[in-house]
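Engineer: Below you will find the structure I want to go over with you.
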Amino acid sequence: MVKHIVCHKYTSKEEAGKIAPMLMGLVGKVPSLRSMQAGADFIGSSRSFHLALVAEFDNREGLEEYQTHPEHVKVKTYIHTVLEESVSVDFEL
């Protein structure tokens, strides 16, 4: 199993409320995506990111397929129009 974890900061924190459902809507559209949780930060501290997501795949190949899948690319294209900063980590269990 592979976990893909990403945190984003946007030009406006309200973007997180729009983007989280877009990301979770990829389940069932991207065959290799087993699960997706995404949510907006509610603390708002100076070190907070606006959104975090945790995606799960069977293996590394599934993550690679997700990265280039047309449905994911659509969401990613929108995200990049409002993205200020991003960090991620990918690991195997």
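The values are calculated or read from the model by the stated rules, or taken from the named source; none is laboratory data. Nothing here was measured: the structure is a model prediction, and the numbers come from that model. All Cβ positions, glycine included, derive from the backbone under ideal geometry; neighbour counts span all protein chains shown.
Per-residue answers, yes or no, for (1) more than 22 Å from K13 (Cβ to Cβ); (2) modelled with pLDDT under 95; (3) among the basic types (K, R):
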position: F42; (1), (2), (3): no, no, no
position: S46; (1), (2), (3): no, yes, no
position: R60; (1), (2), (3): yes, no, yes
position: E64; (1), (2), (3): yes, no, no
position: S88; (1), (2), (3): no, no, no
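Engineer: Which count do you get for residues in the range 37-93 that are surrounded by 13 or more Cβ atoms within 10 Å (Cβ to Cβ), more than 20 Å from G25 (Cα to Cα) and more than 14 Å from the chain's Cα centre (by Cα)?
Structural biologist: Selection size over the range 37-93: 1.
Engineer: What pairs come up if the first residue lies in the range 62-91 and is more than 14 Å from M1 (Cα to Cα), the second is among the basic types (K, R) and assigned to a helix (DSSP H, G or I), and their beta carbons are under 9 Å apart, counting only those six or more places apart or on different chains?
Structural biologist: Pairs found: Q67/K76; Y78/K18; V82/K18.
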